[in-house]
Amino acid sequence: MCINYISVPKQTLSAQFETVFDQDAQWKEELYRDYAGPIIVKGNGGARKGLVANYGMIPKRYMPPGLNLSTMNARSDTVASLRTYQQYWKTCQFCLVPMQAFFEPNYESGEHVRWKIGMADQSPFAVAGIYREWDNPDGGTDYAFTQLTINADEHPLMKRFHKNGEEKRQLVIIPSSEYDDWLHCTNPEIARSYLQGFDPQRMAAEPAPKPKAPRAAKPLAVVARANFDLFD
């Protein structure tokens, strides 16, 4: 499933998601496991609240020794039963994960090719997630989140990703008109009605391979020696 996405800058979160973050809040443009990223949760008085949270429900720094769980995605069919997620699903600690695009592997060429998926009009959007708090050793509070996923076997676009023979999965894109309904939902069974595939006509996807790292140049002394060898 999605383990890599492009986040949204603070000014866009304020203008298009009506969510303000602390002035000193920072995150990288492209996010991976255990990176800090913005999420949107319900605030006081019906307002939206912005938090910076760990991408992955159990940050590596809080995992017991020898344990290495990937918790960036939570399956909708097991989120209520797995100990990692069940408390936060049942208490409706829902969040929105804003992004510009996310990445999935495509094997249609016979090889792994990274593709970028987003909106056809290139607008930012948000996917459904749940979040939790962690008490850090300094006496403060850390936050962490996971993205919810559903089956994509029948989705015209999202079924194209991941290996053949594997179950296809997809993130849950929440329509902007339902942002507050999702955040303020207090019944986990009603919340399941929001976990739907998004209209493929409003989505776009294209190959987006990672840039190859430049090859390191040979030290000048080695290059010179190699040139001399041609004439020895």
Amide H neighbours of residue 143 under 5 Å, counting only residues 5+ apart in sequence or on other chains, H built in-plane at 1.01 Å?
54, 134
If R₀ is 22 angstrom, what is the calculated FRET efficiency for the pair residue 123 and residue 28, using the beta carbon separation as r and rounding to 0.05?
0.60
Ranked by Cβ crowding within 10 angstrom, fewest neighbours first, how are 130, 58 ordered?
58, 130
Which residues' amide hydrogens lie under 5 Å from the amide hydrogen of residue 72, considering only partners 5 or more residues apart or on another chain, with H built in the peptide plane?
57
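Counting helices only, and only those DSSP H runs with n ≥ 4, report the 222 nm mean residue ellipticity of the chain as the sum of -39,500 (n - 2.57) divided by its residues, in deg cm²/dmol to the nearest 500. Mind dumping the intermediate values first?
Details: 5 runs with 31 residues, N = 232.
The per-residue figure over the chain is -3000 deg cm²/dmol.
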Can you tell me the 0 to 90 degree angle between the C-alpha axis of helix 220-229 and the longest principal axis of the chain, rounded to 10?
40
Tabulate in residue order the Karplus-calculated ³J(HN,Hα) for region 109-124, using 6.51 cos²θ - 1.76 cosθ + 1.60 with θ = phi - 60°, rounded to whole Hz; enter x for Gly and Pro.
7, x, 10, 6, 10, 6, 10, 9, 10, x, 7, 4, 8, 6, 7, x
Ranked from fewest to most other Cβ atoms within 10 Å of their own Cβ, 192, 83, 114 fall in the order 83, 114, 192
Rounded to whole Å, sorted largest first: equivalent-ellipsoid semi-axes of region 5-229, Cα gyration tensor
34, 23, 19
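No value in this document is a laboratory result; all are computed from the given coordinates. Keep in mind it's a predicted model, so treat the numbers as computed, not measured. Every residue, glycine as well, gets a Cβ built from its backbone with ideal geometry; the counts of neighbours run over all protein chains shown.
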